[in-house]
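The values are calculated or read from the model by the stated rules, or taken from the named source; none is laboratory data. Here the structure is a predicted model, which means the values were calculated and not measured. All Cβ positions, glycine included, derive from the backbone under ideal geometry; neighbour counts span all protein chains shown.
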């Protein structure tokens, strides 16, 4: 036996349908596309959302809402998560790099510190925004706040 004698298993390879090759083939004439209409033409592709001439769902439903192009999206980080960082890693200075390192935000995110949870350590935090309750809790423990 050698490579030149290899063949696919019997019945595993079928020949393709040769359409549009004359009436004698049984697939001439309309070439299995039926009679007339857009689907029988070459190059046909239906528009996305086309529903056979019926008004498409996307046009039947009303438009609503507004997308503000100037919206700033902040990633919220609560004091309980910061306290976990302090307990587990022993961090006293927290900035965007430290938060990104520990998976609380990415380095490109805008970060807002929120006041949920308790803070038991004196820390220095650098972020883009702070809530009033967070500022009160951090300063109550003698911590320092830096706004970017």
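Scanning region 1-26 for residues that are assigned to a loop (DSSP other than H, G, I, E, B), more than 46 Å from the chain's Cα centre (by Cα) and surrounded by 10 or more Cβ atoms within 10 Å (Cβ to Cβ) yields 21, 22, 26. The residues listed here are 67, 78; of these, the one that is in contact with a strand residue (DSSP E or B) (Cβ under 6 Å, 6 or more places away or on another chain) and modelled with pLDDT of 90 or more is 78.
Would you confirm whether or not region 77-96 contains a residue that is loosely packed, with under 15 Cβ neighbours inside 10 Å, within 23 Å of the chain's Cα centre (by Cα) and at negative phi? Checking region 77-96: not a single residue is loosely packed, with under 15 Cβ neighbours inside 10 Å, within 23 Å of the chain's Cα centre (by Cα) and at negative phi. Would you be able to say whether some residue in region 102-110 is over 16 Å from residue 148 (Cα atoms) and surrounded by 10 or more Cβ atoms within 10 Å (Cβ to Cβ)? Within region 102-110, one or more residues are over 16 Å from residue 148 (Cα atoms) and surrounded by 10 or more Cβ atoms within 10 Å (Cβ to Cβ).
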